[in-house]
Each structure stands twice: as structure tokens, then as C-alpha cells.
């Protein structure tokens, strides 16, 4: 029998009390200020304010990136400064993924927190702050929030929402043992995740090395892209959308490493028929984004259904006798491709991939057999690096799930009958 089992058997064999949040905790919202009260780093003694972006979502830890500074004449109450063993929680109406995320404060700090944030302080004679932190990161609290926050209204963790939460409160000795177990588990998981992430980074670098090495071999012939592929752009006007019809795609449908048709608009069959054939990619064409943060990202069309596309996309239709579409997709991720992009967009106010100069890009062209070999090897490397269902990413995800499973089990108790 483990130490925790012994403590539970001795101290709370009949179950534990579930206590209302407001009976054992105080909930304090952050400061408010206006745009005119924001300060610069060189101003005298500015007040440092933590906000939602200062809680790292993946690890429930505090970061100090982009801390907001406000003038020292902004009123901060004594209880709105951050102290050791406070629990900082995102309470505001911003991104739903942030609401309810917490970080544990491990020392007194010369920081306060914004109005969309809150701080939780415990009655330490009844509940350990670190124990409550683990409860608030668990499925117990997250499931409660899912029910308590109505998606049809502004999501806001006010006192009413927080006071509706009931906390399992075993004896302090049991809480302490749970904290010890979960803190150790968290540390081990973080170390292993860091090791796996480093290994994954190394694999990606290895993939990039071999990709550039084999696709930029100078022993192969170099040709202009226009000699082995035709380049087309999507519609330059916004069509009339309908409820059902032909799928109309844009850059958002190519943000992954495949053509994602789960969220598309539609145009009528009539509008599709009268649209230019240049805006109608077919199976095997290599789509690429022409603008935006995902600039140049290539994906291969893997469907036979009719498609029409917006001008935010372009596509290459390769000469199948000379060029393999999987090879050209990898080529579009190499520095050989991107060095030519940088050369053409140098100094441009707005970056886009223009067909006028894409056609003159140099592409190294080995035989079809060699292209197939290179593409096969790089596909395997890429799958190992990126596919969450296999390899190292899956191992990282499995460790995270394992931790969450045991954390929620440790924090689940039989409720004591009054």
C-alpha cells in the first residue's frame, strides 16, 4: 500500500468533504486602466502588469514576454499585488482557450495583474494553495467551467461563477502527499518532454539537411520552372457564395500539410462553369499560398471533385513526363526556392508570390527515378517529424495524457456523507 493510500485509509476512510470555493478561497480581480495610462519602459517606476498572454497555456507556467507597463499613478490596492503562493487565473472575456488557465506564484513579486485576470488566495489552515493549483488544472475544474460558462454570452469568471465551484478537500496531510506526487510527476514529465522535443528538433533539422542536400545537388541539370510546369492563379474577384454547390477554397484550406476541405465556402455550379479554367485545380496539382503568414506553403490536390479557388492561392500543374509533384512540393520548402523568393521581393511593401517571376525560378531536375527516390525518402522523414499519430510527437502527447489521467484520479475522492 502506498503512503497516500495509508493516509487516506487513516485520515478520511469515509470520504472527503466537498467545500464551496468561497468558503475556503478569496477571489480578487485585477486593476483597470485606460490607454492613456500605459507607460514606456524608460518612464519613472512604471507598474508591471501581467495579462492572459503571460500564462503559458501548454504548461500552466508564468512567462514575462510582453509585460504591460502602466503609469505609477494607476491605483493598485494592496491585495492586487502578487504574493507567494497566489494562484493567477485568466478570468476575462478574450480567447476561450485562455479562460480558466492558471499559474502558481512562487515568490512575492513587484507585479500586479490586469482586469481580465484574477488571483485566488486560500485559507491555508484548510487547503494548501499548491493542492488547489493542481485541482484548477485538472478535468474537475475544466469540466465545471464547460458547464458554468454559457457560450452564448461573454465568458467571464466572475465571483458568481467561481463561488459555484466545489472543491474536494481532504486532510492537509493527504493534500501534501498529492502535491508531492504531482509535482514530481510534473517535473519528470517536463524533463522527458524537453528531451523528446530536443530529439524532434534534431530530426527536423536532419530532414531539412537531407532535403536541401538532395534537391540542390549541382550534379543534376537546372531548368526554369516554366519549362516543367504551368503556373495558374485563382479568381481575382470575390464570387457570390451559396449554401451548397462547388467548393471554393482559399489560403486557409492549405494551412496544414494537406488540402483541408472541412471548412470551405461554395459557389453555384453555374458560376463555376463560367469561371476561368485557370482557377480550377485538379488532382495532382501543387497548390501554394501567395500571401499571408503561410506564404508559399505547398500542398498537393488529392481529390477528383470540382474545385475553384481564390487569388490568395496559386497552383503548379507539372509536366508529368519531366517532373514529379511530390518532388516539387519538397523543392518549394528548400532554401534554393526561398532564396529566389527573397531576391524578388526585396524591398517590396507587400510580399506575394508572383507568377511573373515564379516562372523564371531555377529548379534542379534529376531523372524521374531519382526524383521518386528523393521524394520517398523525404516523405518518410516528414511524416516522422510532423504526424502526431506516430513517432516522437505521439510520445510527447502520450506523456501529457498519462500525467492528466493520473492527476485527475488522484484528485477524485468519494464524497463524505454529512
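Here are the numbers for the structure shown:
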item	result
Of all residues making up the stretch 358-379, the number that are within 36 Å of the chain's Cα centre (by Cα) and assigned to a strand (DSSP E or B)	3
Unique residue being crowded, with 20+ Cβ neighbours inside 10 Å and either in contact (Cβ under 8 Å) with a residue 12 or more places away in the chain or more than 27 Å from residue 23 (Cα to Cα) (or both) when the list is 119, 67, 74	119
Residue check, residue 164 in contact with a strand residue (DSSP E or B) (Cβ under 9 Å, 6 or more places away or on another chain), exposed (fewer than 14 other Cβ atoms within 10 Å of the Cβ), more than 20 Å from residue 51 (Cα to Cα) and modelled with pLDDT under 95	yes
Failed condition for residue 334, given (1) more than 30 Å from the chain's Cα centre (by Cα); (2) under 24 Å from residue 259 (Cα atoms); (3) assigned by TED's automatic domain parsing to the domain that holds residue 276; (4) surrounded by 14 or more Cβ atoms within 10 Å (Cβ to Cβ)	(1)
Criterion (part of a helix (DSSP H, G or I) and touching a strand residue (DSSP E or B) at 6+ places or on another chain (Cβ under 9 Å)) met by exactly one of 8, 28	8
Failed item, numbered, when residue 228 is tested on (1) farther than 25 Å from residue 326 by Cα; (2) over 30 Å from the mean Cα position of the chain (by Cα); (3) surrounded by 15 or more Cβ atoms within 10 Å (Cβ to Cβ)	(1)
Near pairs, Cβ below 7 angstrom, 6+ apart or cross-chain, from the stretch 153-168 (under 26 Å from residue 8 (Cα atoms)) to any residue that is exposed (fewer than 15 other Cβ atoms within 10 Å of the Cβ) and modelled with pLDDT of 90 or more	166/18; 166/20; 167/18; 168/18
Any pair with Cβ under 6 angstrom, 6 or more apart, that starts in the stretch 309-322 at a residue that is under 16 Å from residue 224 (Cα atoms) and ends at one that is surrounded by fewer than 17 Cβ atoms within 10 Å (Cβ to Cβ)	317/230
1 or more residues under 16 Å from residue 157 (Cβ atoms): qualifying strands (runs of 3 or more DSSP E) within the stretch 65-124	87-90, 102-104, 111-113, 117-122
Which listed residue is farther than 24 Å from residue 278 by Cβ and at pLDDT 90 or above, from 372, 397	372
2 or more residues over 30 Å from residue 408 (Cα atoms): qualifying strands (runs of 3 or more DSSP E) within the stretch 150-260	221-224, 229-233, 241-249
Pairs where the first residue, in the stretch 263-286, is more than 22 Å from residue 231 (Cα to Cα) and the second is at pLDDT below 95 and part of a helix (DSSP H, G or I), C-beta under 8 Å, 6+ apart	263/252; 263/253; 264/253
Lone qualifier among 127, 99 - being buried (at least 17 other Cβ atoms within 10 Å of the Cβ), assigned by TED's automatic domain parsing to the domain that holds residue 32 and within 23 Å of the chain's Cα centre (by Cα)	99
Test: residue in the stretch 382-404 that is surrounded by 15 or more Cβ atoms within 10 Å (Cβ to Cβ) and either out of contact with any helix residue (DSSP H, G or I) (no Cβ under 9 Å at 6 or more places or on another chain) or not in a helix (DSSP H, G or I) (or both)	no
Qualifying residue in the stretch 170-177 (condition: under 30 Å from residue 299 (Cβ atoms) and touching a strand residue (DSSP E or B) at 6+ places or on another chain (Cβ under 7 Å))	no
Criterion: buried (at least 18 other Cβ atoms within 10 Å of the Cβ) and under 31 Å from the mean Cα position of the chain (by Cα) - qualifying residue of 303, 262, 254	254
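Residue by residue, here is whether (1) surrounded by fewer than 18 Cβ atoms within 10 Å (Cβ to Cβ); (2) under 26 Å from residue 149 (Cβ atoms); (3) under 20 Å from the mean Cα position of the chain (by Cα) holds:
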site: 11; (1), (2), (3): yes, no, no
site: 27; (1), (2), (3): no, yes, no
site: 57; (1), (2), (3): yes, yes, yes
site: 84; (1), (2), (3): yes, no, no
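Listed here are the residues, each with its yes/no results for (1) touching a helix residue (DSSP H, G or I) at 6+ places or on another chain (Cβ under 7 Å); (2) within 22 Å of residue 135 (Cβ to Cβ).
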{"residue": "19", "(1), (2)": "no, yes"}
{"residue": "26", "(1), (2)": "no, yes"}
{"residue": "42", "(1), (2)": "no, no"}
{"residue": "47", "(1), (2)": "no, no"}
{"residue": "51", "(1), (2)": "no, no"}
{"residue": "77", "(1), (2)": "no, no"}
{"residue": "85", "(1), (2)": "yes, yes"}
{"residue": "91", "(1), (2)": "no, yes"}
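The values are calculated or read from the model by the stated rules, or taken from the named source; none is laboratory data. All values reported here derive from a predicted model rather than from experimental measurement. In this analysis, Cβ positions are derived from the backbone assuming ideal geometry, glycine residues included, and neighbour counts consider all displayed protein chains.
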